[in-house]
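*Asks:* Got a structure for you, written out below as structure tokens; questions coming shortly.
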Amino acid sequence: MDAAVTTTPAVLILLGPPGAGKGTQARMLEDQFGLVQLSTGDLLRAAVAAGTEAGRKAKAVMEAGDLVSDEIVIAILRDRMAEPDCAKGVILDGFPRTTVQAAALDELLSANGQKIDAAISLEVEDSEMVTRISGRYTCGNCGEGYHDNFKQPAKDGVCDKCGGTEMKRRADDNAETVASRLQSYHAQTAPLIAYYEGKGVLKKIDAMGQIDEIARALSTIVKGAMD
Ligand code: AMP
């Protein structure tokens, strides 16, 4: 009889500025590889909507386009990672965003006997960001992402994925907030590219092209990293 094969859950990180397509690509990887997308932005928005203590603290910070405190975000991420579905492997979308968060993730993974399979940086120019962000919206029911110029549903106002008809735009997807979000990215998150390069897990993707082309490039990297 074959010896039992135990695999540790995959851990992928998507790095990149706001609007780089992390959420869109993470959802495609979720479907393709059976992984779980973990977006700290989504978790924080849910906390704000639910009016939890963390949500109340995070609300104004998010509206200003600044980063929520490491303490709050790390606690939210740690709780979510402990849920059973994460045993399938995770795609971290929007976390870590600071060196403190990266160190906390390293600690959490090593305590669980896990490692980072790949940190993939989606590379885009700042000039592209405002156009991308200002046109985007999501299905209020299933979270599928759309864009006024780049990705419209087959039937106007109806989600291709679940048939939902309530589309939502994020409160922080406006020109002023985007400028602070980009600033936070360059000051606090971009240094993580060198951090993961130093660990030998960094991959870079040109994310200026079409969604499908980027998805193909990403899928090749993920297949390689999970082998
Ligand atoms: P996102 O959906 O990833 O664009 O995140 C939306 C907002 O949530 C950000 O502009 C931050 O205010 C906050 N946020 C999300 N993830 C983090 C994180 N890892 N660290 C700090 N703030 C975060």
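*Asks:* Among the residues of segment 86-134, write down those that are small (Gly, Ala, Ser) and touching a Leu at 6+ places or on another chain (Cβ under 9 Å).
*Replies:* Here is the first cut: in segment 86-134, the ones small (Gly, Ala, Ser) are 87, 89, 94, 102-104, 110-111, 113, 118-119, 121, 127, 134.
Those that are small (Gly, Ala, Ser) and touching a Leu at 6+ places or on another chain (Cβ under 9 Å): Gly89, Gly94, Ala102, Ala104, Ala118, Ala119, Ser121.
*Asks:* Take the residues in segment 56-79 that are over 18 Å from Val100 (Cβ atoms) and either away from the ligand (no atom under 11 Å from the Cβ) or outside any helix (DSSP H, G or I) (or both); name whichever of them is nearest to the chain's Cα centre (by Cα).
*Replies:* Here the residue is Gly65.
*Asks:* Can I ask one more? So Val61 fits all but one of (1) surrounded by 16 or more Cβ atoms within 10 Å (Cβ to Cβ); (2) at pLDDT 95 or above; what number is the exception?
*Replies:* (1)
*Asks:* Quick check on Ile221: is it out of contact with any helix residue (DSSP H, G or I) (no Cβ under 9 Å at 6 or more places or on another chain) and surrounded by 14 or more Cβ atoms within 10 Å (Cβ to Cβ)? It would help to see each step written out before you state the result.
*Replies:* Details: out of contact with any helix residue (DSSP H, G or I) (no Cβ under 9 Å at 6 or more places or on another chain): yes; surrounded by 14 or more Cβ atoms within 10 Å (Cβ to Cβ): yes.
In short, yes.
*Asks:* Residues that are more than 26 Å from Ala225 (Cα to Cα): which strands (runs of 3 or more DSSP E) entirely in segment 100-212 hold 1 or more of them?
*Replies:* Working: elements: 118-123, 136-139, 145-147, 202-206.
Fully inside segment 100-212 and qualifying: 136-139, 145-147.
*Asks:* Identify the residue in segment 77-98 that is without any contact (Cβ under 8 Å) to a residue 60 or more places away in the chain, of a type outside the set (Gly, Ala, Ser) and more than 28 Å from Val130 (Cα to Cα) and, among all such residues, is surrounded by the most Cβ atoms within 10 Å (Cβ to Cβ).
*Replies:* Met81
*Asks:* Let me ask you something else. Among the numbered criteria (1) closer than 23 Å to Ala60 by Cα; (2) surrounded by 14 or more Cβ atoms within 10 Å (Cβ to Cβ); (3) modelled with pLDDT of 90 or more, which one does Ala118 miss?
*Replies:* Only one criterion in (1) closer than 23 Å to Ala60 by Cα; (2) surrounded by 14 or more Cβ atoms within 10 Å (Cβ to Cβ); (3) modelled with pLDDT of 90 or more is unmet by Ala118, namely (1).
*Asks:* On the basis of being within 24 Å of Ser219 (Cα to Cα) and of a type in the set (Gly, Ala, Ser), does Ala58 make the cut? Before the answer, list the steps.
*Replies:* Values: within 24 Å of Ser219 (Cα to Cα): no; of a type in the set (Gly, Ala, Ser): yes.
For Ala58, the condition - within 24 Å of Ser219 (Cα to Cα) and of a type in the set (Gly, Ala, Ser) - is not met.
The values are calculated or read from the model by the stated rules, or taken from the named source; none is laboratory data. Since this is a predicted model, take the numbers as computed values, not measurements. Neighbour counts run over all protein chains shown; Cβ positions are idealised from the backbone, glycine included.
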